[in-house]
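The values are calculated or read from the model by the stated rules, or taken from the named source; none is laboratory data. As the structure is a prediction and not an experimental result, all values here were calculated from the model. Here the Cβ is made from the backbone with ideal geometry for all residues, glycine too, and neighbour counts use every protein chain on show. All accessible areas refer to the heavy atoms of the entire protein, side chains included, with ligands and DNA or RNA removed. Shrake-Rupley method; radii C 1.70, N 1.55, O 1.52, S 1.80 Å.
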Amino acid sequence: MKKFLAIIAAAAMAAAMTACNGDSQQVNGTAAEAESAVHDYTFVAASGDELSGTYTGGWENNLPNGEGSFEDAAGSEKIVGSWSNGMPNGQCRWITQYDTCVYTYNGELFFGVYQGKGELRLDDLNGNPISVYSGDWKNGCYDGYGEYTTYYTDEDAAKLGYYCTVYKGDFSNFQKNGEGELTKYFTAENTKADCVVYTGQVKDGNFVEPYRYAFYKNNQIVEEGRIRDGSYVSDSDKAFNDALYDGIKGIAGDGFWGDVFDIVAPEFYDRNAE
């Protein structure tokens, strides 16, 4: 009898172990399948382009959902990050390669549209930077506060006299609009200064006159002033001209010559200009 019970117990234990192992294999198999889910997938980007390729990652209701990656058939579009209802949505990295350059976006997306905080880089095919925008996005556009850096080739820098520009300030609908600061970094040929910084109001990408400038050498200001009528007017020059204007006006007095001065002098110098 004892021998019979031992046989029954051993059989029960073996059956239990087999069942447990079977369940474990099924659970592990399901998890592995979910992690390595690969699907042919097509969706329409915000640009209107239809992208067809391979999606790997979270999949629910026959659509990409969760963390995943996509690469189109040509290998020119790659997206890695969060997906919702078949669209990249949330924190993502989106790389688009063209014949001569590569765009890389790192940041927030709202159902395929740049929205929130993000950085967009433009590099040539050798990995050399051309431009970088980092900041706020709205409906796929620079909108809010951001920083935009432009890099120039050696050939362009030789012509322009500066190799890099950095704008920090307000944007709206891709344009520089609002308060802004633009720095131009000079090439070594410019011995006067290392860079010049412009500050002021910007409208549709251009500073509104008058606006401020400051030349820096070894992190020290060597000249500053304002730009008016397309000309640089240093603070020291303005102070000298203001003093000269006031001195001549004082000599002219309040009589006949004073009246003549008040009529003629403003034609040559605007004492009240900012």
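If the condition is being touching a residue at least 24 places away in the same chain (Cβ under 8 Å) and under 22 Å from residue 172 (Cβ atoms), then region 113-137 contributes 113, 114, 115, 135, 136, 137. Under the condition of being within 25 Å of residue 139 (Cα to Cα), open to solvent by 30 Å² or more (accessible area, probe 1.4 Å) and in contact with a strand residue (DSSP E or B) (Cβ under 9 Å, 6 or more places away or on another chain), the residues counted in region 42-64 number 7. Restricting the search to strands (runs of 3 or more DSSP E) fully inside region 99-185 and requiring at least 2 residues that are of a type in the set (A, V, I, L, M, F, W, C) and under 23 Å from residue 204 (Cα atoms) gives 113-124, 129-138, 162-172. From the list 67, 71, the lone residue that is at pLDDT 95 or above and open to solvent by less than 90 Å² (accessible area, probe 1.4 Å) is 71. Taking region 54-92 as the range and being in a loop (DSSP other than H, G, I, E, B) and farther than 12 Å from residue 37 by Cβ as the test, the residues that pass are 61, 73, 74, 75, 76, 85, 86. Remark: pairs (first residue in region 203-227, within 19 Å of residue 274 (Cβ to Cβ) and touching a residue at least 40 places away in the same chain (Cβ under 8 Å); second residue of a type outside the set (A, V, I, L, M) and not in a strand (DSSP E or B); Cβ separation under 6 Å; 6+ apart in sequence or on different chains) = 210/274; 226/210. Of 96, 54, 104, all but one fail to be in contact with a Ser or Thr (Cβ under 7 Å, 6 or more places away or on another chain) and polar (S, T, N, Q); the exception is 96. Of all residues in region 229-259, those satisfying the criterion of being without any contact (Cβ under 8 Å) to a residue 12 or more places away in the chain, farther than 30 Å from residue 196 by Cβ, part of a helix (DSSP H, G or I) and open to solvent by 50 Å² or more (accessible area, probe 1.4 Å) are 250, 251, 256, 257, 259. Looking across region 121-161, the residues that are open to solvent by 80 Å² or more (accessible area, probe 1.4 Å) and within 22 Å of residue 181 (Cα to Cα) come down to 138, 145, 151, 160. Pick out the one residue from 183, 191 that is more than 30 Å from residue 46 (Cβ to Cβ), at pLDDT below 95 and either open to solvent by 20 Å² or more (accessible area, probe 1.4 Å) or over 15 Å from the mean Cα position of the chain (by Cα) (or both). Answer to the selection: 191.
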